[in-house]
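Student: Below are the structure tokens for one structure; questions will follow.
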Amino acid sequence: MNKKVMTKRITVIILIFIFVFIWGMGERASSYSEPSEALFASDQDMVLIPGYKMNDEALYFFIKDKKYLGAAYVKKGLFGWKTGVLTWGSSDFKASSDNLNSYSGHGENLIYGLIKNGDERMIKMGEHEAKLLNLEMLPNSTVQEYQLQDMYIWYFESEITLDSGEIKLLNKSTGEQLDSVTN
């Protein structure tokens, strides 16, 4: 092999190594050891509400600026946890959430909202029942400040696109329909 070809190969290998090194440093700098750290890197003032953490993915809901309810997925990569897109919509935390008028979506696979008295109510879309997160799991000072007593986040999540359909709010005991909206 002649000297010119060898020099070109070595130069290409060195350039690839430099590129991978710089990329790795950037990835490492924007990755965190915990999903919550990745979210707080986006906004220090959010109130985080953990949905779940399974394998290499976590779902978090959050309260932003005391008037927005949002959602975000955080994924674990080679160097740690990185946040995806954050979405949020206006939400009146002080109002009685006895209806389904205020709900949001995160992409095509997550629909969520707030409801009061989730232990007495059920939310269904077709045959699927929404998952509920009791906001009283947050620190008592946060629950008091945001007036989250008896408040729940409800959500539907699917790996495939959630089809449009009717979302129903039902009384758990009687099965009576209290409200409905079309997604």
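The values are calculated or read from the model by the stated rules, or taken from the named source; none is laboratory data. This is a predicted model, so every value here is computed, not measured. Don't worry about glycine lacking a Cβ; one is built from the backbone with ideal geometry, like all the others, and counts go over all protein chains shown. Please note that ligands, DNA and RNA were not included when accessible areas were found on the heavy atoms of the full protein model with its side chains. Shrake-Rupley method; radii C 1.70, N 1.55, O 1.52, S 1.80 Å.
Student: Taking the Cα centre of the stretch 65-183 as origin and charging only Cβ (+1 Lys, Arg; -1 Asp, Glu), how large is the dipole, in debye to the nearest 20?
Tutor: 460
Student: Now, a different point. Taking N as the number of residues in the stretch 53-183, what is its alpha-carbon radius of gyration divided by 2.2 N^0.38 Å?
Tutor: That ratio works out to 1.07.
Student: In what sequence, highest mean first, do 142-150, 60-68 appear when ranked by Cβ atoms within 10 angstrom?
Tutor: Most protected by this proxy first, the peptides run 60-68, 142-150.
Student: Of Y103, S90, I63, which is farthest towards the positive pole of the stretch 59-118's charge dipole, taken about the Cα centre with +1 and -1 on the beta-carbons of Lys, Arg and Asp, Glu respectively?
Tutor: It is I63, whose Cα lies furthest towards the positive end.
Student: Run the reach check for K53 against aspartates and glutamates, Cα to Cα strictly under 16 Å, same-chain hits fewer than 8 apart removed. What comes back?
Tutor: E34, E37, E157, E159
Student: Round to the nearest 0.05 the FRET efficiency obtained for S42 and I13 when R0 = 41 Å and r is the Cβ-Cβ distance.
Tutor: The formula returns an efficiency of 0.65 here.
Student: Efficiency by 1/(1 + (r/R0)^6): what FRET value for K64 and S173, r their Cβ-Cβ distance, R0 = 41 Å, to the nearest 0.05?
Tutor: 0.75
Student: Viscosity 0.692 mPa s, temperature 37 °C: what is the translational diffusion coefficient of the stretch 130-183 from Stokes-Einstein with a Kirkwood Rh over Cα pairs, rounded to a whole number of µm²/s?
Tutor: 245
Student: Kindly report, to the nearest 10 Å², the accessible surface of S90 as traced by a 1.4 Å probe over protein heavy atoms only.
Tutor: Rounded to the nearest 10, the figure is 90 Å².
Student: What's the ranking of 76-82, 174-180 by average number of surrounding C-beta atoms within 10 Å, highest first? Walk me through the numbers on the way to the answer.
Tutor: Values: 76-82: 15.9, 174-180: 12.0.
Per-residue mean Cβ counts within 10 Å order the peptides as 76-82, 174-180.
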